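Some notes on the structure that comes next.
Computed from the coordinates by the stated procedures, all read-outs in this text should not be read as laboratory data. These numbers come from a predicted model, not from an experiment. Reconstructed Cβ throughout: ideal geometry from the backbone, glycine too, with neighbour counts over all protein chains shown.
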Amino acid sequence: MCIFCKIIQGEIPSYKIYEDENTLAILDISQATIGHTLVLPKKHYENILEIPTNEYLNVMNTVQKITKKEKETLLVQGFNILNNCNEIAGQTIMHFHIHILPRYENDDLKIQFKNHEKDYDLKKIQEAILK
Ligand code: AMP
Ligand code: ZN
C-alpha cells in the first residue's frame, strides 16, 4: 500500500485540513511555504493520466475550497497550484495529488519558467500536438 493510502486508512498520522467522501487534504510534511497542502483522491490512482475525470473534478473542487479557506485564515496573497506527473517531473509518491502552495511577500519559493520563445517554432509544436 502506498504512503498516501496508509494516511487515508489512518495507519500513518497526518495533519488533516479537510475531508469528504472522495477526497482528503493534508499538510505537506515538508512545508515549502506556510499552509502547503496536498489534496488527494481517497482511491489510489497513479497520476493525472490514470485518474477518471469525475474523480479529478472532485479533487479540484476540494483544491478550490482549500484556497478559499486559506485565503481567509492565513494571510495568503496568492497561490501556486501544482501537480507533478511521473518521476521526470518530480513525482515521488505515486498516488495522484495536487500541491497547494500559498504565496507570501518575501517567501523564498522560486517557480521559474525560462523564456525560449525565440528558439522554438510554435506552429510546428502546435501541429505536433494536434496531429
Ligand atoms: P510529489 O513530489 O509531487 O510526489 O510530492 C510528494 C509530497 O509528499 C512531498 O512534497 C512530500 O514532502 C510529501 N510527503 C511525503 N510524506 C508525507 C507524509 N507522511 N505526510 C505528508 N506529506 C508527505
Ligand atoms: Zn495510494
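Close lysine pairs were tallied over the range 3-130: pairs 8 or more places apart or on different chains with Cα atoms under 20 Å apart number 13.
Whats the longest run of the chain with zero GluC sites (Glu not before Pro) that are DSSP loop and have at most 11 other Cβ atoms within 10 Å? Answer - 22-104. Using θ = phi - 60° in the Karplus curve 6.51 cos²θ - 1.76 cosθ + 1.60, the 3J(HN,Hα) couplings for the range 87-99 round to 4, 4, 9, x, 6, 10, 10, 8, 10, 3, 7, 10, 8 Hz; x is entered for Gly and Pro.
Derived scalar couplings between HN and Hα for the range 47-55 equal 7, 5, 6, 9, 6, x, 4, 5, 5 Hz in order, rounded to whole Hz, by the Karplus curve 6.51 cos²θ - 1.76 cosθ + 1.60 (θ = phi - 60°), x for Gly and Pro. Each residue of the range 12-23 was assigned a 3J(HN,Hα) from its phi angle through the Karplus curve 6.51 cos²θ - 1.76 cosθ + 1.60 (θ = phi - 60°); the sequence is 10, x, 8, 9, 7, 9, 7, 8, 9, 4, 10, 9 Hz, with glycine and proline shown as x.
Evaluate the range 22-76: find the radius of gyration of its Cα atoms, find its Kirkwood radius, and give the ratio Rg to Rh. Dividing the radius of gyration by the Kirkwood radius yields 1.01. By other beta-carbon atoms within 10 Å, ranking Tyr104, Tyr120 with the fewest at the front produces Tyr120, Tyr104. Residues whose amide H comes within less than 5 Å of that of Asn47, counting only those at least five positions distant or on another chain, are Phe96 (H built at 1.01 Å from N in the peptide plane). In the range 1-48, what trypsin sites (Lys or Arg not before Pro) fall in a loop by DSSP, with at most 15 other Cβ atoms inside 10 Å? For trypsin sites (Lys or Arg not before Pro) across the range 1-48 that sit outside H, G, I, E and B with at most 15 neighbouring Cβ atoms in 10 Å, the list reads Lys43.
Shape class of the range 59-116 from the Cα gyration tensor (axes a ≥ b ≥ c, square roots of the eigenvalues): oblate, since a/c reaches 1.5 or more and a/b does not exceed b/c.
Within the chain, the proportion of C-alpha pairs whose separation exceeds 24 Å stands at 37%.
Taking the helices alone, the chain has a mean residue ellipticity at 222 nm of -9000 deg cm²/dmol, built from -39,500 (n - 2.57) per DSSP H run of at least 4 residues and averaged over all its residues. Spacing of the modelled spin labels on Cys2 and Leu49, each 7 Å from Cα toward Cβ, amounts to 1.4 nm.
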